[in-house]
Amino acid sequence: MATAGGTPAAAGDNLKRLTDLYRMMVRIRTFEETALEAYKAGEIPGPLHVSFGQEAIPSGVCASLRTDDRLTSNHRGHGHALAKGADAATMYLELYGREGGYCRGKGGSMHIADFSVGMLGANGVVAGGLPIAVGAAQGLKLLKSDAIVVCMFGDGATNRGPYLEALNWAAIYTLPVLFVCEDNGVAAHTETRTVTAGEGPAARANAIGVPAVTIDGNDALAVEETAARLVAEIRAGRGPRMIHAKTYRWCGHTATDAAAWRDPKQVEAAKTRCPIARLKAVLIERGVAAASLDDISSAARDEMQTGRAGAHAAPWPGMASAFEDVQDAGAVHG
Amino acid sequence: MVETTLVEAGRLAVLQEMRRDPRVWVLGEDVGRGGLWGQYRGMLEEFGPERIVSTPIAESTIMGAGLGAALVGTRPIIEMRMFDFVMCAMDELVNQIAKVRYMFGGQAKPAVVVRMPHGMWRNSAAQHSQMLEAWFAHLPGVVVVAPSNAEDEAGLLVSAIRSDDPVLFFDPKDLWLAPGAIADGEIAPIPFGKARHARQGDALTIVTWSAIVPNVLAAADQLTSEGIKVDVLDLRTIWPWDQDAVAASLARTKRLLVVHEAVEVGGFGAEVIASMIDRLGPSAIKVAKRLGAPRIPVPFAPPLENEVRISPAKIVAAAKAAMA
Ligand SMILES: Cc1ncc(C[n+]2csc(CCOP(=O)(O)OP(=O)(O)O)c2C)c(N)n1
Ligand SMILES: [Mg+2]
């Protein structure tokens, strides 16, 4: 396992790349903080799943992607969307259910998609994105594209059937898919290890024939370096790969869940492994001025506050839109 | 016209569309071997294993992969082998395919055809005989097609493949080998939501679709021989469905009988009747009846299965009851 201090030179030498990585993580953190504030203020309806503590994974993985690469996501997908290039203000509009949101207010937090940057959608069904991801890869292959597909899912998804089906599928057709298991150790209110037999996600993937590596998902450099290597292998036509990234969910399952069953000490311990603080220490050690990192934070705060305010002030969707984009033939009335 | 069977008509339609559009491809179990009934015979040889994809027995991913492939711009035909197995792919069909366009605000184009051969066929028992098309008419976001003859199978498949909507295509497996005919040359698309006026008469309107249509026509012919001329409308697609044609017929006959092989309770026949009462008013309709299967699973033993089947005799009896 690579650690933040002694990371391979390939990623480490490029300070701009590291700073960009840092910026993305800070943007995700700030997006989630702002969304949670807005939620608590009663501004955002519906369920909201935030990803404090997990920012290194989407940021590190997406650093190696092109815009025409595709990504499928899950219910905890704000970070995935931002890292793939979605616009924060348009995401806030969607969280608020307003006109101009990514889904014109018809999806909300669990269904953010931005096809223009290859973000094929969050998903309200655990493991729902896995079959879609392998099919997208198969379609791209049929179209002779060299784009690849990243499939983000949680540890909870690895006990559902589509995990077996989709990994097997990607392996037998040698598809360009990077599976990324964000293993925060918990699925809703259950510790995943208490309901999971065997050695876990990576062992299962390897057994199916999808080479998998387990890494410290709170080590942004390790994530970035591993993803860069695997993306290159996948793009070279060598078939699917998997990253099993271990992390920790600081917050409850949803914005209203206190996760009171958990020992608070566990959460405190996890916070000492904060992926953002760790990368910040590396950057400072390599000579980046602390002030420039503060600038990144304040720019992120401005961006998110502006996005939030814009969404709060935006109009609801026009009522006619409830009846649009159902289907062409026989829409609404047969 | 060219003499053919329903299964071959469907094959020719897929062949035509795959030659016409390189984005069209097929995925499903054993399709490289031609499919269970030869629907895809010879296609592996012509199109290769990237467009005729024999898959593992993994229905969730057959369905979900079809969707994913559509989201990047291809046009998959998803073969479910038998309708009953779609139960293993319901998340991918109901929560994903039927929702993505709406839920993502119009960004997604789930242009898939899901072929699901359905209905009773050679005493296949409860897990290989179901007709649950009504479930899917209830599901916003999809088109539901249920043809009953070779010409409609071909023309509706062409429309389905060219449609940007997800199309659930219920092949009537009991009629695979029924003889029929299709036009020479190019197979023209048949629009969704246009019923076929299969028999003309003023005594009674019979609305029907899919595998039971030949029995309805046999019953209609017998009724004609007894001097009762009935109007028969084969809906061909149950969502959208041809409400105008049914209403126009009812305006003449004032009597409605809906016949389907599916269980009568909660079947699409109830929807047809309720819609017509809404549209024409209760006083415009003298009789409105349904004839469908009893609410039991399809049994195995041939005499028991026959008990469930909607025979021409049952249809004749129901029609006479509606005339009384
Ligand atoms: C098929 C399905 N079952 C249950 C749920 C309810 N649910 C939503 S998220 C979740 C936990 C998922 O855990 P994991 O995949 O590890 O993701 P995490 O929330 O930890 O990021 C559950 C049970 C669901 N959305 N879909
Ligand atoms: Mg989890």
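The values are calculated or read from the model by the stated rules, or taken from the named source; none is laboratory data. Everything numeric in this text was worked out from a predicted model, so none of it was measured. Methodologically, a virtual Cβ is constructed for each residue, glycine included, from the backbone with ideal geometry; neighbour enumeration extends over all protein chains shown. Heads up: the accessible areas ignore ligands, DNA and RNA and are worked out on the full protein's heavy atoms, side chains in. Shrake-Rupley method; radii C 1.70, N 1.55, O 1.52, S 1.80 Å.
Pick out the one residue from A:Ala311, A:Ala258 that is closer than 22 Å to A:His75 by Cα, outside any helix (DSSP H, G or I), away from ligand 2 (no atom under 16 Å from the Cβ) and of a type in the set (Gly, Ala, Ser).
From the options A:Ala311, A:Ala258, the qualifying one is A:Ala258.
Could you tell me whether any residue of the range A:74-96 is β-branched (Val, Ile, Thr), within 16 Å of ligand 2 (Cβ to nearest atom) and in contact with an Asp or Glu (Cβ under 8 Å, 6 or more places away or on another chain)?
No, because not a single residue in the range A:74-96 is β-branched (Val, Ile, Thr), within 16 Å of ligand 2 (Cβ to nearest atom) and in contact with an Asp or Glu (Cβ under 8 Å, 6 or more places away or on another chain).
If I filter the range A:214-232 for residues that are within 16 Å of ligand 2 (Cβ to nearest atom), open to solvent by 40 Å² or more (accessible area, probe 1.4 Å) and at negative phi, do I get at least one hit?
yes
Across the range A:104-122, what is the total count of residues that are without any contact (Cβ under 8 Å) to a residue 60 or more places away in the chain and within 16 Å of ligand 1 (Cβ to nearest atom)?
Result for the range A:104-122: 5.
Suppose we keep only residues that are more than 14 Å from ligand 1 (Cβ to nearest atom) and open to solvent by less than 60 Å² (accessible area, probe 1.4 Å) within the range A:181-210. Which one would you say is nearest to A:Lys144 (Cα to Cα)?
Ranking the candidates gives A:Val210 first.
Criterion first (in contact with a helix residue (DSSP H, G or I) (Cβ under 9 Å, 6 or more places away or on another chain), more than 13 Å from B:Val113 (Cα to Cα) and not aromatic (Phe, Trp, Tyr)) does B:Leu12 satisfy it?
It is true that B:Leu12 is in contact with a helix residue (DSSP H, G or I) (Cβ under 9 Å, 6 or more places away or on another chain), more than 13 Å from B:Val113 (Cα to Cα) and not aromatic (Phe, Trp, Tyr).
Could you figure out which of (1) within 14 Å of another protein chain (Cβ to nearest Cβ); (2) open to solvent by 40 Å² or more (accessible area, probe 1.4 Å) isn't true of A:Ala331?
Looking at each condition in turn, A:Ala331 falls short on (2).
Got a sec? Which of A:Leu93, A:Leu175, A:Leu164, A:Leu142 is within 25 Å of B:Arg75 (Cβ to Cβ) and more than 7 Å from chain B (Cβ to nearest Cβ)?
Testing whether each residue is within 25 Å of B:Arg75 (Cβ to Cβ) and more than 7 Å from chain B (Cβ to nearest Cβ) leaves just A:Leu175.
Yes or no: the range A:27-39 includes at least one residue that is on the phi > 0 side of the Ramachandran plot and either under 14 Å from the mean Cα position of the chain (by Cα) or touching a residue at least 40 places away in the same chain (Cβ under 8 Å) (or both).
no
Test A:Ala147 against the criterion of being touching a Pro at 6+ places or on another chain (Cβ under 8 Å), farther than 23 Å from A:Lys246 by Cα, assigned to a helix (DSSP H, G or I) and more than 15 Å from ligand 1 (Cβ to nearest atom), and give yes or no.
Against the criterion (touching a Pro at 6+ places or on another chain (Cβ under 8 Å), farther than 23 Å from A:Lys246 by Cα, assigned to a helix (DSSP H, G or I) and more than 15 Å from ligand 1 (Cβ to nearest atom)), A:Ala147 does not qualify.
So, of the residues in the range A:124-144 that are within 10 Å of ligand 1 (Cβ to nearest atom) and buried (at least 22 other Cβ atoms within 10 Å of the Cβ), which turns out to be farthest from B:Gly64 (Cα to Cα)?
Restricting to residues being within 10 Å of ligand 1 (Cβ to nearest atom) and buried (at least 22 other Cβ atoms within 10 Å of the Cβ), the top hit is A:Ala127.
Which condition breaks for A:Leu178 when tested against (1) more than 16 Å from ligand 1 (Cβ to nearest atom); (2) open to solvent by less than 10 Å² (accessible area, probe 1.4 Å); (3) not in a strand (DSSP E or B)?
Failed condition: (3).
What helices (runs of 4 or more DSSP H) completely inside the range B:30-112 contain at least 1 residues that are under 19 Å from A:Ser73 (Cβ atoms) and more than 9 Å from chain A (Cβ to nearest Cβ)?
none
Against the condition open to solvent by 20 Å² or more (accessible area, probe 1.4 Å), over 21 Å from the mean Cα position of the chain (by Cα) and touching a residue at least 12 places away in the same chain (Cβ under 8 Å), how does B:Ile273 come out, does it pass?
no
Kindly check whether there is at least one residue in the range A:92-103 that is open to solvent by 20 Å² or more (accessible area, probe 1.4 Å), within 22 Å of A:Val61 (Cα to Cα) and in contact (Cβ under 8 Å) with a residue 40 or more places away in the chain.
There is no residue in the range A:92-103 that is open to solvent by 20 Å² or more (accessible area, probe 1.4 Å), within 22 Å of A:Val61 (Cα to Cα) and in contact (Cβ under 8 Å) with a residue 40 or more places away in the chain.
Every residue in the range A:123-139 that is within 16 Å of ligand 2 (Cβ to nearest atom), free of Cβ contacts under 8 Å to residues at least 60 places away in the same chain and either among the hydrophobic types (A, V, I, L, M, F, W, C) or within 7 Å of another protein chain (Cβ to nearest Cβ) (or both), please.
Of everything in the range A:123-139, those that are within 16 Å of ligand 2 (Cβ to nearest atom), free of Cβ contacts under 8 Å to residues at least 60 places away in the same chain and either among the hydrophobic types (A, V, I, L, M, F, W, C) or within 7 Å of another protein chain (Cβ to nearest Cβ) (or both) turn out to be A:Val125, A:Ala127, A:Gly128, A:Leu130.
Within the range A:169-201, can you find the residues that are among the aliphatic types (A, V, I, L, M) and within 15 Å of ligand 2 (Cβ to nearest atom)?
A:Val180, A:Val186, A:Ala187, A:Ala188, A:Val195
Being under 19 Å from the mean Cα position of the chain (by Cα) and surrounded by fewer than 24 Cβ atoms within 10 Å (Cβ to Cβ) is the filter; apply it to the range A:156-168 and report the residue that is farthest from ligand 2 (Cβ to nearest atom).
This residue is A:Tyr163.
Please enumerate the residues belonging to the range B:281-306 that are part of a strand (DSSP E or B), open to solvent by less than 30 Å² (accessible area, probe 1.4 Å) and farther than 15 Å from B:Glu261 by Cα.
Result: B:Val287, single match.
Please count how many residues of the range A:232-275 are more than 13 Å from ligand 1 (Cβ to nearest atom) and either touching a helix residue (DSSP H, G or I) at 6+ places or on another chain (Cβ under 8 Å) or of a type in the set (Gly, Ala, Ser) (or both).
Within the range A:232-275, residues that are more than 13 Å from ligand 1 (Cβ to nearest atom) and either touching a helix residue (DSSP H, G or I) at 6+ places or on another chain (Cβ under 8 Å) or of a type in the set (Gly, Ala, Ser) (or both) number 13.
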